[in-house]
Amino acid sequence: MPERIEDRLHALRDEVAWPSTPDIARAVAARLEAGAPEDAASRRSAQPPARRPLARRPRRLAVAVALALLVPAAGALAVPSVRDDVLDWLGLQGAEVRRAPALPSARPPGDGDLGRPVSLDEAARLAGFRPALPAALGPPEEVRFDESSGFVTLVYDGLVVAQARGALTHELVRKIVTTRTEVRAVRVGGAPGVFLDGAPHAYLYVAPDGTVQEDRARLAGSTLVFNRGDTLVRIEGKGLELGRALRIARSLRS
């Protein structure tokens, strides 16, 4: 949750040297008791001594600090900071969802973007884990393995189920959305997930060394992404509805 400006100012109270507050009540009472001054000289003599310039510096400093805090806060309303772009309230591990003013240059995924065709046994050996199969869909028409991202993808008619292990230790995929994309937090078997619907979004694979593969930015439609243990699962399909996506997700069996 973004830090409130009130919280920032409150945290500064012990770090800024504020000038002491003058005892106004005592000064006013003394003047009333002495009577109103009759001439300009007496008025001048009744005025409290002028503050030294140094006494005003702490207040100037405090105001400058407050303004410095307000500027980025106001700017964040128009151009969100990188930290505020990240929708970390989703609670996903292994996937980062960012909201941006516009999508990066991306194209629809092609046949070769899913990796090379393999058998289930070969996919398990190459990926280091046996991919879970969705009972709601039955055996996949094809299995693909992408060496650069570590994803095993089960291909069905108009739908894919992609899985990669390592979600608990590092980022595996990054999603870029705009305000036209609906971002909905969900739970799958008690684990966090997100359903992206509406306008297309972009996704980028993240290599095991942490390098974001920006040259492989691809467009995606309705997608459910969720954690299944230390595995990140992505279910994507044209016109995929949340109810169907959740049924597929909950039917996964290793």
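Throughout, read-outs are computed from the coordinates displayed, never taken from laboratory work. Keep in mind that what you see is a predicted model, and the values were worked out from it rather than measured. We place every Cβ from the backbone using ideal geometry, glycine too, and count neighbours over all the protein chains shown.
Were the residues from residue 119 through residue 241 laid out at 0.36 nm apart, the gain over their Cα-Cα distance would be 41.0 nm.
The calculated FRET efficiency for residue 184 paired with residue 230, based on their beta-carbon distance and R0 = 22 Å, is about 0.40. Average 1/r across all pairs of distinct alpha carbons in the stretch 182-226, invert it, and you get the Kirkwood radius: 11.8 Å.
Summing charges over neighbours of residue 190, with a neighbour being any other residue whose Cβ is under 14 Å away from its Cβ, gives +3 when K and R count +1 and D and E count -1. The tail of the calculated P(r) for the stretch 102-254, taken as Cα-Cα distances beyond 20 Å, holds 45 percent of the pairs. Rounded to the nearest whole Hz, the Karplus-based 3J(HN,Hα) values (6.51 cos²θ - 1.76 cosθ + 1.60, θ = phi - 60°) of the stretch 88-99 follow the sequence 6, 5, 5, x, 5, 10, x, 9, 10, 10, 10, 9, with x at glycine and proline.
Between residue 199 and residue 254, the simple label model (points 7 Å from Cα in the Cβ direction) yields a spacing of 3.9 nm.
The trypsin sites (Lys or Arg not before Pro) of the stretch 177-254 that meet both conditions, a loop assignment by DSSP and at most 14 other Cβ atoms within 10 Å of the site Cβ, are 180, 238.
Note that the stretch 191-254 carries a Kirkwood radius of 12.9 Å, evaluated over its alpha carbons pair by pair. Inter-label distance, residue 169 to residue 102: 3.9 nm, where each label sits 7 Å from its Cα along the C-beta direction. On a per residue basis, the convex hull of the C-alpha atoms belonging to the stretch 136-197 measures out at 131 Å³.
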